[in-house]
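Just below is one structure, and these are the notes that go with it.
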Amino acid sequence: MDKHKKHLLWSAAAFTLGLVSMPSASQSLSVEEGLAIDRLPEIRAVLRDTLEQGRDLIVPSGSTKLAQDWPNWTNWGNG
Amino acid sequence: MIPVLSPERLRGRTKLLVLQGTPFCNIDCTYCYLPDRAVKARMPVETIRAAVRWIFENGLGRDDLTIIWHAGEPLTLPRAWYEEAFTAARQAAPFSWRPRHAFQTNGMLIDDAWCAFFAAHGLRVGVSLDGPAALHDLHRKRRNGKGSHEAAMHGVAALKRNRIPFHAICVVTEATLARPDEVIGFFAEAGVTDVGFNIEEIEGINTGSTLAKHGNRARFRAFFERVLDRAASHGIGIREVRGVLGAAANLPDKEWPGNDQNMPFAIVTVTHQGAIYTFSPELAGIAHPRLGSMALGHVDADSLAEIVDGQVFQTLWAEIASGLAACARDCAYFPICRGGAPSNKLGELGTCAGTETMACRLGQQEIAEAVLGRVLNEMGRDVVLAKAS
Ligand code: SF4
């Protein structure tokens, strides 16, 4: 098969189940009442607004020069 | 229907290349997941060249690709070796690559000479510090059983003295949970301004976690809430907060829905022998009872197209993708976590196709609740202020 034309086969699961039509948090059966995650759409709107206005985020965000410059610290593994 | 993806869709997807300069580590942490940490081998410079060339020739590399030297203690190799390694990487990459190298180190060997080297090369440095000595030395032990905190703090002092910016990674174990004030107080006193908390995970050859006990979920939540309070008052940035806020502000990308650990080739790990891995870096070098080795190929022998067509990648990706899909379907925290880490799922559930793990309940769900809860509190206050004015 021509390598340049060959398509990579991807598992059906990732792109046909759930990922294309993501459930809203409030539809999830695993969520109890009163969890912050249930209000994610509202939170998202506020965060986007804050970012667009160039205002500081309201909780300690680690948004120092170092963190911005290298967003991908080793967030895996034990130490 | 089986969706197809042209090789173009993997173009420029690799953000991070983990190179295992050596598997050797000068200490022997009780929670370490690295199987070959007593092996004093060294990656041949030719293999470095081949690894970087493999990334770019297969179209995965991007101009801001970071190379992190990890999966062993990087500072046990001499600076002269890194000089050669950086030159080899530079020569193998296209001219447009802006060299970015990073070290994740236990800090014990850092001295003024290493600091001069970090500064000369603009290296990014992360130091593994579990807090004050009483916590750090519980798990971060030398081979003779003694602790490593004192030596690590000498390294931190050298970094401060030489004004080298760095961050700390703190592994949270059960013993940490009772001591958030001491942990943040320690980082404040040490002058550390950026901290990431990795929870003690069950993965690789580390088959248990002190956190895996009834009641520790609530204790972890209380710990993290307190960490947020104390960090705010000391002006310390917490990596997890930034991660949650960044994810919360953006909807998952339908074309690329997962995270760096569960989407193919976002992270590529190459062992000192030249074996290629992707997904969670901890999958490198382990022999799983069911899956065997998860090495996808070798930098000298296999193209990306051959690897993606191969049995190992297809088996692993089928499992990981179905775990990702199950997370997206069933978990409210998916928009923040984006499907968890295959290494945690494999370590705890025996399959990457599962969903919830202890690691995600603590490291994703409770952290998301703590951070988003604070945003909600602030929003409530804003609403009250708006009404009053
Ligand atoms: S929090 Fe756990 S269950 Fe939810 S998406 Fe992440 S890994 Fe999956």
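The values are calculated or read from the model by the stated rules, or taken from the named source; none is laboratory data. For clarity, every value in this text was computed on a predicted model and none was experimentally measured. For neighbour counting, all protein chains shown are included, and Cβ atoms are generated from backbone atoms with ideal geometry for every residue, glycine included. These area figures cover heavy atoms from the full protein model, side chains too; ligands, DNA and RNA do not enter into them. Shrake-Rupley method; radii C 1.70, N 1.55, O 1.52, S 1.80 Å.
Quick rundown of the values:
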{"quantity": "Reachable aspartates and glutamates, given that their alpha-carbon falls under 20 Å from the alpha-carbon of B:LYS160 and they are not under 8 places away in the same chain", "calculated": "A:ASP69, B:ASP111, B:ASP112, B:ASP130, B:GLU150, B:GLU189, B:ASP194"}
{"quantity": "Estimated 222 nm signal from helices in chain B, with DSSP H stretches of n ≥ 4 weighted -39500 (n - 2.57), rounded to 500", "calculated": "-12500 deg cm²/dmol"}
{"quantity": "Neighbourhood net charge (11 Å Cβ-Cβ; Lys/Arg +1, Asp/Glu -1) for B:THR76", "calculated": "+2"}
{"quantity": "Computed lengthening from B:ASN144 to B:GLN91, 0.36 nm per intervening residue step minus Cα-Cα distance", "calculated": "14.9 nm"}
{"quantity": "Buried solvent-accessible surface, both chains (B, A), 1.4 Å probe, Å² to nearest 100", "calculated": "6600"}
{"quantity": "Violating pairs (Cα-Cα greater than 23 angstrom) within the set B:LYS15/B:LYS141; B:LYS40/B:LYS146; B:LYS40/B:LYS141; B:LYS15/B:LYS254", "calculated": "B:LYS15/B:LYS141"}
{"quantity": "Neighbour net charge for B:PRO257 - beta-carbon separation under 15 angstrom, K R +1, D E -1", "calculated": "+1"}
{"quantity": "Which of B:TRP256, B:TRP317 is most accessible, then next, and so on - probe 1.4 Å", "calculated": "B:TRP256, B:TRP317"}
{"quantity": "Antiparallel DSSP beta bridges within chain B, percent to nearest 5", "calculated": "30"}
{"quantity": "Alpha carbon convex hull of chain B, volume per residue in cubic angstrom", "calculated": "162"}
{"quantity": "Pairwise centroid distance, computed over Cα atoms, of the stretch B:171-243 with the stretch B:86-149, Å", "calculated": "21"}
{"quantity": "Inter-chain shielding of B:367-374 (mean C-beta neighbours from other protein chains, 10 Å cut-off)", "calculated": "4"}
{"quantity": "Solvent exposure of the stretch B:137-283 as accessible area per residue, Å², 1.4 Å probe", "calculated": "37"}
{"quantity": "Apportionment of accessible area to carbon and sulfur, the stretch B:77-228, percent (1.4 Å)", "calculated": "54"}
{"quantity": "Gain upon complete extension [B:GLU46, B:HIS214; 0.36 nm per residue less C-alpha separation]", "calculated": "55.5 nm"}
{"quantity": "In Å², nearest 10: area of B:ASP309 left accessible to a 1.4 Å probe", "calculated": "80"}
{"quantity": "Table column - 3J(HN,Hα) (Hz), the stretch B:302-313, Karplus curve with 6.51, -1.76, 1.60, x for Gly and Pro", "calculated": "10, 7, 4, 4, 5, 5, 5, 7, x, 4, 5, 5"}
{"quantity": "Check: the stretch B:132-210 dipole with +1 on Lys, Arg Cβ and -1 on Asp, Glu Cβ, in debye", "calculated": "500"}
{"quantity": "Extension gain from B:THR351 to B:ASP112, taking 0.36 nm per residue of separation minus the Cα-Cα distance", "calculated": "81.5 nm"}
